[in-house]
Amino acid sequence: MTTHDASLEEGLFDFAADDTLAGFRLQRLEVFNWGTFHGRTYVLPLDGRNGLLTGDIGSGKSTMVDAVNTLLVPPGRITFNRAAGGERRERDMRSYVLGHYRSERTVEGSSSKPVALRAVGSYSVILGVFYNQGFEQTVSLAQVLWQRDAQAQPARFYIVADRDLSIREHFSNFGSDMKALRKRLRDLPQVEPIFDSFPQYSAAFRRRLGLKSEQALMLFHQTVSMKAVGNLTEFVREHMLEPFDVQPRIEALLSHFEDLTKAHEAVLRAKDQIARLSRIEEHLQRHHAAVHDQGRLRFARDGLQVYFAKLRADLLEESIKELSIESQGLEDKRVRFGEEERKQHAERDRLRQAIADNGGDRLEKLLAYKDEAETEKARRIERYNRYSAIAKKLDIPEPRNEEQFLNNRALIEQQRDQIEQETGKLQNDLNEQGVAIQTLRREHEGLADELESLAQRRSNIDAVQISMRRRMCDALGIEEERLPFAGELLQIRPGEEEWEGAAERLLRSFGLSLLVPSELYGQVSDWVDGTDLRGRLVYFRVRAEEEVSLDQDLDENSLVNKIEIKPESELSDWLLEQLKRRFDYTCCRTMDEFRRSRRALTRAGQIKGSATRHEKDDRHPIGDRRRYILGWRNDAKIQALQTELNTLEQRIAAEAVEYSRTQQRQRELNERKDQLYILSVVSEYTEINWSVLASRIEDITEEIRELQQSSDVLATLGSQLEGLEHRIKETRARLDKVSADLATVQERLRRANALLVEDQQTVDTAPQSWEEVATVVDEVAPQQPEQKKLTVDNAEKVQQELRSHLQTRIDAVDKQINRLVEQISGQMQDFRREYPSETLELDASVEAGDEFMELLRRLRADDLPRFETRFKTLLNENAIREIANFNAQLSKESGMIKERIEAINKSLESIEYEKDRYIRLEAITGQDPEVRSFQQELRNCTTGSVTGSEDDQYAEAKFALVKAIIDRFRGREGSTDIDRRWTQKVTDVRYWYSFAASERWREDDTEYEHYTDSGGKSGGQKEKLAYTVLAASVAYQFGLEWGEKRSRSFRFVVIDEAFGRGSDESARFGLRLFKELNLQLLIVTPLQKIHIIEPYVSTVGFVYNQDGKSSQLQCLSIEQYRAGREQHGAIDAADVAADTAAVPGRTDLSAEALQ
């Protein structure tokens, strides 16, 4: 034996030799109908000493361990078959009460079901008897369980007795009525009233057994499967330190914060009211200014006539003077030119007579004929040239002779007929193209409106339906969120997009249905009935009290499984029930599957509603996102509509180009048609045949020349007459011009006088004085440029321009006023809706502006200062003080953690971890960012670190800090679970520290090794650290009283398979350690390490299950076991147990029962 082993055996804790049975120890464990222990009572006798429970895998060892756990550990904290790595669902209380021992295939063959030893109605009992030798005190714990329903968990009740109870004597022979058993137990002396809940039962037995907290029970449960310390910090937190109850203090904080929140809400309410009313005030001021501007502009506009009448009258008076002088001068010229013309006419008559006397009649006639011929020739040449120019442009031959002219006539008529036909076709094309463009533009406008509507919301519902709901909500004063469309709460699950189009078709009608809560049903139904909806509306009444059945089985390919319901929706259960009832369609990938299914849906959108009715609606493409209405995000729809809008704009542009081309072609044809018409008007060739007249003129000219050459006198008279005719024309021209100018001036003078009278009358009869009008007009009229000086002629135009300018400004002001009235009314309506009590007698109209402004004045002067004062008082005197107290208490508890660690370290110092070394725990201030952030937030709340002042900004900042903490304590919407876990962590001061172990030399207390877990160590080292830390934890949690014979501490520990799996050295270390801690061990392990465990146990319990159905328990004292081994020379410990089965032992079963 090594010195190290000797030192352990000498007793590190200096226990007296007769304190080996100190504290509460398990005397025996009894089970009846528990798991595979069936039909009889099985007893494991320990007599307060260590025991070994062994057997093959699956024999039932863990079933006995779970019986002990069930007696002592809260039901919700037990993991059955823990040492074997069992999951929580692997075994449960029902499986133990019914005795499940194997599984068999169901009738359908698609699954398995457990096979039970016992039927519904049977009952089970587990019982443990604990004894404290020092105080001669017995405590019996029992639980009775029975199965009333095949599917439910068993019913049970709990017994705590200050006496020795047994199943055979006290829990049998009562029939099948549990009431009879309860009555029998109630009548027993020294038995607590029967408990129906574990907490009451636990409190009763913990008080007796010296277990100060429930954490000690959890440590007991943890030791069952303890193998190694993984994370030291977690182990210390969970098993060595008790949590502090911070919930009452958090509740107090929440309670005080409610008052602060109300005060803050009052401040925010007043500030919000002031902000809203200030906006109304601003708009009212702008409205008053606009109304004032409107009045002045209208006054100016209405006074323009008198304003310009006065200005024009002044101009007219000046103009009349100038025109009178000009008129007189022209009249003098007219008289003079008239006298000159009379004299010239007399002279012409004399010359003509002289010419006639000398044979001039024939010459005069020839001259007349020549003039007539030349005039006609000029006319025909002009028509010929025009005809030829048009003909050339139209590629028609020039009409050089009558035959060509007639050919042209036929060609013109032919082309006119062709043009008539082509223009008719072009007009049809234009009509069709125009209709197409208008249709595309209407579609474009609809898409643009829809996009604008979608950009202002997240819903995919059509704008028409959204508008209908908005009208309803505005009329009823209801928030739109309270009346959702079904489609706003449903969408295709991610990964199922291939079924989106088909789902949209099937769910479209339901998705466009409005969901109306029962409390709004009356208002909505009345409004719908009394309103012209200008559309179709379907709505569902959703009853809060309506039972929703969610247990309908769905096929894995059901459309319902591909639909996601909006998280946090209050209507989620109702929607799921509707989807299951109405839209449980199988999504089929093949037509064979489609034909087999009762109700089915294909990706192409074919719907099978029953065995006979089928439907497929391809009026719109199945992938047309413009018609999609499901989902609470509309990004995809906006993108699809924007793409469609761009495509539509391209189509409109292309159609417009084609339309322009058709119009251009039509214009070209019409121009050609007009030119052909001009040619067709020339009906005879003689109308353009000027060559005939040219020959005739030559003949007349020759005859005139001959006559003139025959008489010199006649030539002289002719020359004189020709000169006189020229002078007569000049005089007549001058006279005509002067007469025209005189008429013009006289007309202007007449009009000027008439206008002057009219303007003077306008000024004299105007309701306003010209000076008043002029003052306003000069202010509002734009400055005229120098070059645009007012004259009599442009006065009316300038007046019209100014009137148009003023009317434009008036229209703009009118629109501004209308917008302001609408904004003010809307703001007032919003204010009344938000604050009905304050505006009960106020109307939402501009006329009520003074009443709203009075309310604003009162808020600014009285209400807000009062609310802010109360808020600051509550903030500083209540909330921040409570936070400071809370912080101080947490700091105090943080200090207690260090004190407890020091207490545990005293236990660890007594344990020889390695030769001349011991283990010391260290509490290190944690670096968890959430904890550190929380600590800083607490400090910020209680110090002046934000601003240090008492102004509004400071108070708001402090409130925001406090509110951030309180909101997380309370649980923010959508983050309740996260905040609950955060609160548990940051307010549990155990999480303020991380823990490490320091292995130190006893001689000089220097550190040998430092670690936070057992990573990197060998298996044996990990087990040794686990036993050391576990021993210190048990010593602390069980409150061991070192060396006392009469201790009230709990001394019983179960270790399942740990010693069997570890190394021999670590197993010996652990056994010696627990022995010197004076703890009673129930060791559960296979028999391969019996040679190590044997020196430390007094009883061996052998569990076996020969038929795989019922477990058996054979118990031997260690002496019986050794005697059997020596007598029979058995090698296998199981054989020893079997061979010594007939030896009298402490069990309720005979030796024959083991055969």
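Nothing in this text is a laboratory measurement; each read-out follows from the coordinates by a stated rule. Note that the coordinates shown come from a computational prediction; the quantities given were computed from them, not determined experimentally. Methodologically, a virtual Cβ is constructed for each residue, glycine included, from the backbone with ideal geometry; neighbour enumeration extends over all protein chains shown.
Rank the residues MET828, MET93 as a footprinting-exposure proxy: fewest other Cβ atoms within 10 Å of their Cβ go first.
Numbers: MET828 25, MET93 19.
Fewest-to-most Cβ neighbours within 10 Å comes out as MET93, MET828.
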Mind jotting down the distance between the C-alpha centroids of the range 293-343 and the range 168-212, whole Å? 127
Label zone at TRP527, where the point sits 7 Å out along the Cα-to-Cβ direction: the range 436-471 residues whose backbone N lies under 11 Å: 468-471
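Just for the range 458-633, what percent of DSSP beta bridges are antiparallel, to the closest 5? Could the numbers behind the result be given before it?
Numbers: 9 of 16 bridges.
Here the share of antiparallel DSSP bridges comes out near 55 percent.
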Going by alpha carbons, how many degrees (0 to 90, nearest 10) lie between the helix axis of 1118-1128 and the longest principal axis of the chain? 70
Which of the trypsin sites (Lys or Arg not before Pro) found in the range 418-480 are loop residues per DSSP with 16 or fewer other Cβ atoms within 10 Å of their Cβ? ARG457, ARG458
How far apart, in nanometres, would the label points at ARG860 and GLU452 be if each is projected 7 angstrom from Cα along the Cα-to-Cβ direction? 3.6
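For the range 735-827, state which GluC sites (Glu not before Pro) are in a DSSP loop and have at most 14 other beta carbons lying within 10 Å of their beta carbon.
On the way: sites: GLU747, GLU758, GLU771, GLU772, GLU779, GLU786, GLU796, GLU801, GLU822; in loops: GLU786.
Here the GluC sites (Glu not before Pro) that fit, given the DSSP loop and packing criteria, are GLU786.
How big is D, in µm² s⁻¹, for the chain by Stokes-Einstein at 37 °C and 0.692 mPa s if Rh is the Kirkwood radius over C-alpha pairs? Walk me through the numbers before you get to the answer.
Details: Rh = 44.3 Å.
For the chosen part, D equals 74 µm²/s.
Multiplying the sequence separation of ARG400 and SER597 by 0.36 nm and subtracting their Cα-Cα distance, what value in nm do you get? Spell out each step's value before the answer.
Numbers: separation 197, 0.36 × 197 = 70.92 nm, distance 9.04 nm.
Gain on stretching ARG400 to SER597: 61.9 nm.
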Tell me the Rg and the Dmax, in Å, that the Cα atoms of the range 632-762 produce. 36.3, 116
Can you report the principal axis dimensions of the range 458-633 using only the alpha carbons, biggest first, rounded to whole angstrom? 52, 37, 32
Positive-end residue, the range 512-662 charge dipole about Cα centroid, Cβ charges, pick of VAL538, GLN606, SER660: SER660
Set the bar at 32 Å for Cα to Cα. Now go through LYS310/LYS333; LYS906/LYS985; LYS392/LYS729 and name every pair that lies beyond it. LYS310/LYS333; LYS392/LYS729
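Say R0 is 22 Å: what FRET efficiency, to the nearest 0.05, do THR716 and ARG342 get from their beta-carbon distance?
Details: r = 25 Å, r/R0 = 1.13.
Efficiency at R0 = 22 Å is approximately 0.35.
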The rounded separation in angstrom of the Cα centers of the range 642-671 and the range 374-408 is 40
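Taking the Cβ of each residue in TRP992, TRP632 as the centre, tally the other Cβ atoms inside 10 Å and list the residues starting with the fewest.
Numbers: TRP992 22, TRP632 17.
Ordered from fewest to most neighbouring Cβ atoms within 10 Å, TRP992, TRP632 come out as TRP632, TRP992.
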For GLN137 paired with ASP916, estimate the spin-label separation in nm (one decimal), with each label point 7 Å from Cα along the Cα-to-Cβ line. 4.5
Length-normalised contact order for the chain - Cα pairs under 8 Å, 6+ apart - percent: 23
Which lysines have a Cα lying under 30 Å from the Cα of LYS616, excluding residues fewer than 8 positions away in the same chain? LYS562, LYS566, LYS580, LYS608, LYS637
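For the range 458-633, what is the relative contact order in percent, using Cα pairs closer than 8 Å and at least 6 residues apart in sequence?
Working: 249 pairs, mean separation 54.8, N = 176.
RCO, the range 458-633: 31 percent.
All other residues with a Cβ under 11 Å from the Cβ of PHE831 taken together, and with Lys, Arg as +1 and Asp, Glu as -1, what is their net charge? Mind showing how you got there, number by number?
On the way: positive: ARG276, ARG279, ARG832, ARG833; negative: ASP272, ASP830, GLU834, GLU838.
Spelling it out: positives minus negatives among the neighbours equals 0.
According to the Kirkwood expression over distinct Cα-Cα pairs, how big is the hydrodynamic radius of the range 530-620, in Å? Before the final figure, lay out the partial values.
Numbers: mean 1/r = 0.0646 Å⁻¹.
About 15.5 Å for the range 530-620.
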In units of 2.2 N^0.38 Å, what is the alpha-carbon radius of gyration of the range 143-210? 1.17
Note: probe point = Cα of THR765 + 7 Å toward Cβ; backbone nitrogen < 18 Å; residues of the range 271-311 passing the test are 302-311
Gyration tensor (Cα) of the range 341-468, equivalent ellipsoid semi-axes in angstrom: 75, 28, 9
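Starting with the fewest neighbours, write out PHE852, PHE174 ranked by other beta-carbon atoms found within 10 Å of each beta-carbon. Walk me through the numbers before you get to the answer.
Working: PHE852 25, PHE174 16.
Least to most surrounded, the residues fall as PHE174, PHE852.
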So what's the back-of-envelope 222 nm ellipticity for the chain, counting only DSSP H runs of four-plus at -39500 (n - 2.57) apiece and dividing by all residues, rounded to 500? -19000 deg cm²/dmol
With both bridge residues required to lie in the chain, what share of the DSSP beta bridges run antiparallel, to the nearest 5%? 75
Distance from the range 1072-1107 to the range 808-849 (C-alpha centre basis), Å: 89
Reachable lysines from LYS271, criterion Cα separation under 25 angstrom, eight or more residues apart if same chain: LYS262, LYS872, LYS958, LYS963
